[in-house]
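This report concerns only the one structure given below.
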Amino acid sequence: MKFGIPVYPGSNCDRDVGWVVEKVLGHEAVYLWHAEKDLKGVDCVIVPGGFSYGDYLRAGAMAKISPVTEAICEFAEKGGLVMGICNGFQILLEAGLLPGAMLPNKTLSFICKFVHLKVENDQTPFTHLYRKGEVVRIPIAHAEGNYTCPPETLKEIEENGQVVVRYSSPEGEVSEEFNPNGSLNNIAGICNKRGNVFGLMPHPERASETILGSVDGLRMFQSIVESVVRA
Amino acid sequence: MDRRVIEQHVTWEEYQKIVELLGREPNLVELGIFSAMWSEHCSYKSSRPHLKKFPTEAPWVVQGPGENAGIIMVDEETETCVAFKVESHNHPSYIEPFNGAATGVGGILRDVFTMGARPIACMDSLRFGELHDPKMRYVTKGVVSGISHYGNCVGVPTVGGEVYFDSCYQTNPLVNAFALGVVKKDKIFYARAAGVGNPVIYVGAKTGRDGIHGATMASEEFSSEEEVEKKVNVQVGDPFMEKLLIEACLEAMEKEGIVAIQDMGAAGLTSSSVEMASRGGVGVVLYLDKVPTREEGMTPYEIMLSESQERMLVVCEKGKEEEIMDVFRKWGLDATVIGEVIEEPVLKLFWHGEVVAELPIKALTDEAPVYYRPFRVPKYILENKKYDPNTLPEPEDYNKVVRKLLSSPTIASKRWIWEQYDHMVQINTVVYPGSDAAVLRIKGTGKGIAISSDCNSRYCYLNPYEGGKIAVAEAARNVACSGAVPRAITDCLNFGSPEDPEIMWQFVKATDGMADACKVLETPVVSGNVSFYNETKTDEGKRAVFPTPTVVCVGVLENVEKRMTSFFKDEGDVIVLLGENTGNISGSEYQKLQIGEFRGTGQTIDLRFEKTLQEAIVEAIQRGLIKHAHDVSEGGLAVNLFESSFEKELGFEVELDDNIRSDFLLFGEDQSRIVVSVSPERVDEVLDFFEKRTVPAKVIGKIRGDRGVIKHRGKELVNILVKEAKEIYETALEKELGLQG
């Protein structure tokens, strides 16, 4: 299948996602330049991490008005699979494809480390190869991953099962102690109501090969492949 | 010209030389250009004669010193090379820690990608004063967040480094930034201008008034705190612009037509144009009114000396300029033809049609003054020789000493720092920070590279010659402990004023030591920089930094799957010490803890043995004989064992029987020692392996339980719960910085 990876000025995990798609999964990766609206017939879009537009104004705020983002929104509306990683997640929030917003980490600093995530929803096209309640080890690397939203939105996404992964202990305990950035309800990743758009702060592409210390992220990409092939 | 104006730029003697070279008086623009090109920072006028001692060649060296970065071969089959360099950004980082450090990272990255290499790793070697000083806490936090801000945004992982805290850095902290990139041998770009009539293109950020005379500033001592406050001309970095510049340059290099490319670093447009012309043996004409400026009313003088960041100068084949400039425009960058290459080797500057400077390239480069500065043995060296370590009383409570050492900021975990750096982006990092060396895979080759930055400046202070040797040896040893063959080094020589004969003596001796070590260990110097004048005038005289020749060693792992880490792996494994204990505490962290200063004659090293040890450890790792390897350094054997125990919270029981005073044995920092662990069933095989290679190897204990226990001649001296020691080690730095409890 064909994965599309938008490249904004300042994207810096685009090649990493491309590497996993091509070298680990053995599928095709197509880079989509931010100034173009053509998605080149891709089956799925992965918005990579980085610092699009240098995070100027607000992380993801400039990228939402790029032509390629417009095309991605249309693609998502038609039911296309869109996953946003880190800055990609921030862009999806800014673009309104996912609810809520990001605050600076509670530490007020950038944090790069492996964290544990509890899989809360294993019914999405991005996570169906995981088990509900399973704990996975995937790194984070961000300065603004402190997820927030109004109480009514929080209630809604919790009730709809839109919270896909949460920060937890290695044993799956979800508490403030294991919340690296201050995120509401330890939220690490959410999907839209329809389930075809998913954003998360952790980097599954950094945990997709044994040599990198974890392969827990690989099943997200494999889940996408299976979902697309099945459909 | 007014003598005062002249002496703000160059010395009176240098001015006479300029007049002689030109056959006339220079104008102010020309004088500014001379002052930058003849500054210590650009001309190496005090260090050049001594740098010639360094070996610079080996079969694997593709590019030695003289270019923007050094290059070595990693994989012959795919012709994959790595380009790297370390450079200082000391003065700006004290004046404005955040931007000073950030632009240090930016500058070194440009040195690497200007050669066509995609940057894949950064490292930083940092030296701060004691943290009881609020200013130092501010500087430390500022430097770390500046590095984090810049490196993370450009998407190049900061994979490690080193940090020391000593009072000699109180008003002169050191920030040495290292970067490394990957390049195919046939895709290397050089900064040699050529081809008469070829256009000179300016790309990147616009020129502002920031950093004017930065190179000159880096070539003077701080005369007082007030002066530091006044010199607020530190450059401001924009990592987003740098990221665009990296991508645009690498994309433009894929096109045909780029002849030469060079970043505008210290002394900006002046040094980039002059150096490109000098290397190519040609001249350059620049039309300064065409330079994109950020501010109105900038003068030719300001334009030539601005150190605005994220700018490059490109020479391309005539007729190809539009195609090349289109790439930069695609990335949203300014790209303008501002001049051309000429045959006559001069730098000719126009301003709205009028010549404002015309200088022979040779006068600016080859004719720059060289100083054979006098040197003499400092008094403190002679006094220190009289020091008798036995005057130190033996501690009553060894547990207390171990806890204190583990919480010393120099030894304590630097996790608080490296967790603020994205050390994983580009998914090449396969040994994360916290081990002896960082290891990165080189995609598409099966190979890896190991990088370690080291310099114990305390040893260099007490004995610059041995200290210089040790800086090289330790960096190489750390690389070897990760399973890689040390291949080359880059260095950043941080010293006080070369005009002081005692400082000059430190410089001469330290570089002698480094040169000897590089020869024996077969790690030539491929790039580097010199930073003098790291000193401040105080009421009591002057305070210079310890001689700090930072060394970054790069090694190659034939098979990246066989990389090694520095922590214990399994309960029951046997602990083996390689090398000999001698119980030397001179210059040690223990000595600092007990007497608050560094005395004696420092550490010494036998380079022949070091070479044997490093070859043996690399072979042992490649053969899969050992399960961890950790070099003994600050804090000695006791700290070494605890450091290895933390990752998996595995205890150890060690029993030593050397006939050495217990505290000297546990905390001495004698060189050429490595602690390894071995599966119980392979102990005899391993001991035999090292014996055959004439490396002393001795079983000293076992990995067992949850406590760190050290006995000496039957007496239990240390017994601490590993979990407790780890807590101390992991939280100490944050506490010192006032960020926790």
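The values are calculated or read from the model by the stated rules, or taken from the named source; none is laboratory data. These numbers come from a predicted model, not from an experiment. Because the Cβ atoms are built from the backbone with ideal geometry, glycine has one as well, and the counts that use them run over all protein chains shown. When the accessible area is computed, the model is the full protein with side chains, heavy atoms only, and any ligands, DNA or RNA have been set aside. Shrake-Rupley method; radii C 1.70, N 1.55, O 1.52, S 1.80 Å.
Residues checked against (1) more than 26 Å from the chain's Cα centre (by Cα); (2) surrounded by fewer than 21 Cβ atoms within 10 Å (Cβ to Cβ); (3) at pLDDT below 95:
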| site | (1), (2), (3) |
| --- | --- |
| B:P173 | no, no, no |
| B:A177 | no, no, no |
| B:L180 | no, no, no |
| B:K184 | no, yes, no |
| B:S219 | no, no, yes |
| B:F222 | no, no, yes |
In the range B:429-448, anything open to solvent by 10 Å² or more (accessible area, probe 1.4 Å) and in a loop (DSSP other than H, G, I, E, B) is listed as B:Y432, B:G434, B:D436, B:K443, B:G444, B:T445, B:G446
Looking at the range B:541-561 only, could you name the residues that are of a type outside the set (A, V, I, L, M, F, W, C), assigned to a loop (DSSP other than H, G, I, E, B) and either open to solvent by less than 10 Å² (accessible area, probe 1.4 Å) or away from chain A (no Cβ under 14 Å) (or both)?
B:P547, B:E558
B:L359 - would you say it is open to solvent by less than 70 Å² (accessible area, probe 1.4 Å), of a type in the set (A, V, I, L, M, F, W, C), assigned to a strand (DSSP E or B) and closer than 30 Å to B:A248 by Cα?
no
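What are the residues in the range B:27-40 that are open to solvent by less than 40 Å² (accessible area, probe 1.4 Å) and touching a residue at least 40 places away in the same chain (Cβ under 8 Å), if any?
Within the range B:27-40, B:V29, B:E30, B:G32, B:I33, B:F34, B:S35, B:A36, B:M37, B:W38, B:S39, B:E40 meet the criteria.
Let's see how each residue does on (1) in contact (Cβ under 8 Å) with a residue 24 or more places away in the chain; (2) of a type outside the set (G, A, S); (3) surrounded by fewer than 19 Cβ atoms within 10 Å (Cβ to Cβ); (4) within 22 Å of A:A101 (Cβ to Cβ):
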{"residue": "A:V24", "(1), (2), (3), (4)": "yes, yes, yes, no"}
{"residue": "A:L32", "(1), (2), (3), (4)": "yes, yes, no, no"}
{"residue": "A:Y53", "(1), (2), (3), (4)": "yes, yes, no, yes"}
{"residue": "A:Y56", "(1), (2), (3), (4)": "no, yes, yes, yes"}
(1) surrounded by 15 or more Cβ atoms within 10 Å (Cβ to Cβ); (2) in contact with a helix residue (DSSP H, G or I) (Cβ under 8 Å, 6 or more places away or on another chain) all hold for B:D366 apart from (1)
B:R608 passes all but one of the listed conditions (1) under 24 Å from the mean Cα position of the chain (by Cα); (2) open to solvent by 10 Å² or more (accessible area, probe 1.4 Å); the exception is number (1)
Counting only residues that are more than 14 Å from chain A (Cβ to nearest Cβ), open to solvent by less than 30 Å² (accessible area, probe 1.4 Å) and over 19 Å from B:P199 (Cα atoms), how many does the range B:325-356 have?
1
In this structure, is A:F221 surrounded by 16 or more Cβ atoms within 10 Å (Cβ to Cβ) and under 20 Å from A:C44 (Cβ atoms)?
yes
If A:L103 meets every condition in (1) in contact (Cβ under 8 Å) with a residue 40 or more places away in the chain; (2) within 13 Å of chain B (Cβ to nearest Cβ) apart from one, which number is that one?
(2)
Could you check, for the range A:38-49, whether at least one of its residues is more than 10 Å from every other protein chain (Cβ to nearest Cβ), in contact (Cβ under 8 Å) with a residue 60 or more places away in the chain and of a type in the set (D, E, K, R)?
yes
Going through the range A:125-172 in order, the residues found to be part of a loop (DSSP other than H, G, I, E, B) and farther than 21 Å from A:A207 by Cα are A:C149, A:P150, A:N160, A:G161, A:Q162
Every residue in the range B:382-431 that is without any contact (Cβ under 8 Å) to a residue 12 or more places away in the chain and within 14 Å of chain A (Cβ to nearest Cβ), please.
B:E419, B:I427
Only residues in the range A:5-21 that are within 7 Å of another protein chain (Cβ to nearest Cβ) count as the first member; pair them with residues that are acidic (D, E) and assigned to a helix (DSSP H, G or I), Cβ under 7 angstrom, at least 6 apart or cross-chain, and list the lot.
A:C13/A:E205; A:D16/A:E205
I'd like the full set of residues that are open to solvent by 10 Å² or more (accessible area, probe 1.4 Å), over 15 Å from B:Y371 (Cβ atoms) and in a helix (DSSP H, G or I), limited to the range B:479-505.
B:E502
Pairs, first without any contact (Cβ under 8 Å) to a residue 40 or more places away in the chain in the range B:245-258, second among the hydroxyl-bearing types (S, T, Y), C-beta under 9 Å, six or more apart:
none
Looking at (1) over 15 Å from the mean Cα position of the chain (by Cα); (2) over 20 Å from B:S457 (Cβ atoms); (3) surrounded by 24 or more Cβ atoms within 10 Å (Cβ to Cβ), which is the one condition that is false for B:V139?
(2)
Kindly list the number of the only condition in (1) within 16 Å of B:K698 (Cβ to Cβ); (2) assigned to a helix (DSSP H, G or I); (3) open to solvent by 10 Å² or more (accessible area, probe 1.4 Å) that fails for B:E653.
(2)
Flag for B:V530 being in a strand (DSSP E or B) and within 30 Å of B:I621 (Cα to Cα)
no
